[in-house]
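Enquirer: Quick one: this structure, given as structure tokens, is what I'll be asking you about.
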Amino acid sequence: MKAYTVPSKEITVRFTADVVVCGGGSAGVHAAVAAADEGMSVILVEQFGSLGGTAGNALVTPLMHSHIDGNPSCSYITDKLNKKMTVLDGIDASGNQFDPVVLRIASEQLCLETGVKLLYYHFISGVIKENGEIKGIITVSKSGEYVIEGKVFIDCTGDGDVSVLAGAEYTKGNPDTGKCQPISLRYTLSGVDIATFGEFIRSEISRTGVSKGASYDGKVVYAACTATDDWAVTDLFKKAITNGDLVEDDKVYWQVFKLPNRNDTLAFNNPEFFEYVDGTDSVHLTKAQTDGKAAILRQLNFYKKYMKGFDSAYISEIAPMVGIRESRHIVAEYMLTGEEMLEKKKFGDTICQNNYPVDIHGKNLKFGQKITPVDDGKPWYDIPFRSLVVKGFDNLFVAGRCLGSDFLAQSSLRIQRSVRSTGEAAGIASAIAVKQGVKAKEIDGSMVRQLMIAKGATFKE
């Protein structure tokens, strides 16, 4: 491959803070607010023009339940965020159904009110380090290239970009196939007659005698379809594929949700892609956007032709951010394994509890013969604080879906509830590191959890 030699250059330091949070997604927002709440000066660096990450910019809604009785938050900041979203009429009473646009706004309000300095439209292109300590990150923006200095850095990029630029080790993808999980491009349709669509779903259940993945209670409608042929709407997809109105991949994964505050809008968890799936490859991301838009137009025509309630429907938003389920797994002081997740392992330094199941798209895996779940009356597993401490670095944490775990464990812990908790824990830990002058790996994770609880986070005993 042809290459050029670029002359060395001097890069100006433009901003300095106690804590620099890299990435403004679910983990990043919680990390930034948690550190600011502890009195730290905080800079939050984000590549888009709004916060929320996959939950906001990739339109990933609703919030998945932890599958633990009582659904403990393991986060005090989530309560703050939900209150703001409630005022903005962007979340339902359960806290699960939410409007991604409202989440973006509420996240921004929360950060600004807490004193977090936001830097939008900044891409991180390099890291400055000395003997295992990060001194600064190099960013590129319309303003040019410059350095942001900090005492502690938190990698919430989702792909572990900062950790990798610093030289951290990582794994990526399914060890059996070498491929990452499938990716999606979400969208919303407005102008939908929800009642008519809901009654249509009821009629399909009656016509086919199949109720799987379909419901309508007179207000909230839901429907889904996957590669298996046992869903209420499978027959519709098969007809459209036979007639050339859809392609087979349109049926492999399709899901639709009602947004809580929009009476004419549906949110779709599709189209999904199974070949170009590397969220760290810009060519793959570009193809997801171009192929995704073509698929969205095809699917809109399908709804109008084969379903009811879509006569006046139109595309109201296509996610500017591709929905990435999994990419890099940064090597941390502790790597949580799938076996530990399935065995419901507990840790003294837990900062999050979760029981969300294995969720690997495009592949049906069975683990019953590999593990023996521990029946301790506590059906959940813990995420240890050590999985947030990037191995080999004194002042670098990682939070979110790219924390220290293997492929199988990550398929469960990648949900928004968990990544919020990990960001919050990393933010509190960063403040401890600054105040006490200690290295990241020297921090007692149980102390971090106790501080989370003292502020309002709930954990199961």
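Only the coordinates and a few stated rules stand behind these numbers; no lab work does. Only a predicted model underlies this, so the values are computations on that prediction, with no experimental measurement involved. Because the Cβ atoms are built from the backbone with ideal geometry, glycine has one as well, and the counts that use them run over all protein chains shown.
Enquirer: What percent of all Cα-Cα pairs in the chain falls in each 20 Å bin, counting up from 0?
Expert: With a bin width of 20 Å, the distribution comes to 25, 56, 18, 1.
Enquirer: Determine the dipole magnitude for the chain: charges of +1 sit on the beta-carbon of Lys and Arg, -1 on that of Asp and Glu, nothing else is charged, the reference point is the Cα centre, and the result goes in debye to the nearest 20.
Expert: Magnitude of the dipole: close to 340 debye.
Enquirer: Using the basic label-point model (7 angstrom from Cα toward the beta carbon), what is the Ala227 to Thr337 distance in nanometres?
Expert: 2.7
Enquirer: Moving on to the next point. Where in segment 1-88 are there trypsin sites (Lys or Arg not before Pro) that are in a DSSP coil and have at most 13 other Cβ atoms within 10 angstrom of their Cβ?
Expert: Passing both the DSSP loop test and the Cβ count: Lys2, Lys9.
Enquirer: Counting alpha carbon pairs within less than 8 Å and at least 6 residues apart, what relative contact order, in whole percent, applies to segment 183-318?
Expert: 37
Enquirer: Can you compute the equivalent ellipsoid semi-axes for segment 149-308, i.e. the square root of 5 times each eigenvalue of the Cα gyration tensor, sorted largest first and rounded to whole Å?
Expert: 35, 19, 15
Enquirer: Just flag the GluC sites (Glu not before Pro) in segment 1-90 sitting in loop per DSSP whose Cβ has no more than 10 other Cβ atoms within 10 Å.
Expert: Counting only loop positions with at most 10 other Cβ atoms within 10 Å, the GluC sites (Glu not before Pro) in segment 1-90 are Glu10.
Enquirer: Taking amide H positions as placed 1.01 Å from N in the peptide plane, with prolines and chain starts having none, which residues 5 or more places from Ala457, or on another chain, fall under 5 Å of its amide H?
Expert: The list, which skips near neighbours in sequence, is Tyr76.
Enquirer: Another one. Over segment 18-152, what is the relative contact order in whole percent, taking alpha-carbon pairs under 8 Å and six or more residues apart?
Expert: Once divided by the residue count of segment 18-152, the mean separation gives 27 percent.
Enquirer: Could you size up the charge dipole of segment 233-366 around its Cα centre, putting +1 on the beta carbon of Lys and Arg and -1 on that of Asp and Glu, and report it in debye to the nearest 20?
Expert: So the magnitude is around 520 debye.
Enquirer: Can I ask one more? Which is farthest toward the positive dipole end of the chain among Ser316, Ala31, Val252, measuring Cα position about the Cα centre, with Cβ charges +1 (Lys, Arg) and -1 (Asp, Glu)?
Expert: Ser316
Enquirer: Nearest 0.05, what FRET efficiency do Asn263 and Ile318 give at R0 = 25 Å with Cβ-Cβ as r?
Expert: 0.75
Enquirer: Considering amide H positions built from the backbone, and no H for Pro or chain starts, which residues 5 or more places from Cys352, or on another chain, come under 5 Å of its amide H?
Expert: Ile383
Enquirer: Once phi is turned into θ = phi - 60°, what whole-Hz ³J(HN,Hα) does the Karplus curve with 6.51, -1.76 and 1.60 give for every residue of segment 452-460, x standing for Gly and Pro?
Expert: Per residue, the Karplus-derived 3J(HN,Hα) values read 4, 5, 4, 8, x, 5, 10, 10, 7 Hz.
Enquirer: Rank Ala224, Thr5, Tyr306 by how far each Cα sits towards the positive end of the charge dipole of the chain (+1 on Lys, Arg Cβ; -1 on Asp, Glu Cβ) and give me just the farthest.
Expert: Tyr306
Enquirer: List, in order, the whole-Hz ³J(HN,Hα) value for each residue of segment 349-355 obtained from phi through the Karplus relation with A = 6.51, B = -1.76, C = 1.60 and θ = phi - 60°; use x for Gly and Pro.
Expert: Rounded to whole hertz, the list is 9, 4, 10, 7, 10, 8, 9.
Enquirer: On a straight-distance basis, which aspartates and glutamates could pair with Lys293 in a cross-link, Cα separation under 12 angstrom, same-chain partners fewer than 8 positions away excluded?
Expert: In chain and number order, the partners are Glu272, Glu317.
Enquirer: On a C-alpha basis, how far is the centre of segment 52-104 from the centre of segment 403-446 in Å? Whole number, if you could?
Expert: Centre-to-centre (Cα) distance: 20 Å.
Enquirer: While we're on this one: Which whole-number percent is the relative contact order of the chain (Cα, under 8 Å, 6+ apart)?
Expert: It comes to 22 percent, rounded to a whole number.
Enquirer: Along the charge dipole of the chain, Cβ charges K/R +1 and D/E -1, which of Ser282, Ser66, Ile432 sits furthest on the positive end?
Expert: Of the candidates, Ser282 comes out farthest on the positive side.
Enquirer: Moving to a separate point now. Run through segment 157-229 and list the trypsin sites (Lys or Arg not before Pro) located in a DSSP loop whose Cβ has at most 11 other Cβ atoms within 10 Å.
Expert: Sites meeting the loop and neighbour criteria: Lys219.
Enquirer: Using the structure shown, list the pairs from Lys2/Lys172; Lys80/Lys258; Lys9/Lys172; Lys172/Lys287 with a Cα-Cα distance above 31 Å, or answer none.
Expert: Table pairs above 31 Å Cα-Cα are Lys9/Lys172.
Enquirer: Then there is this: Quick one: which residues, 5 or more positions from Val127 or on another chain, have an amide H under 5 Å from its amide H? H modelled 1.01 Å from N in the peptide plane, none for Pro or chain starts.
Expert: Ile138
Enquirer: Turning to a different aspect of this structure: Whole-Hz ³J(HN,Hα) for each residue in segment 332-347, computed from phi via Karplus 6.51 cos²θ - 1.76 cosθ + 1.60 with θ = phi - 60°, x for glycine and proline: what do you get?
Expert: 10, 4, 9, 9, 5, 9, x, 4, 5, 4, 6, 7, 6, 6, 10, 10
Enquirer: Moving on. Go ahead and collect, in residue order, the members of segment 443-461 whose backbone nitrogen is under 19 Å from a label point 7 Å along the Cα-Cβ direction of Lys83.
Expert: 451-459
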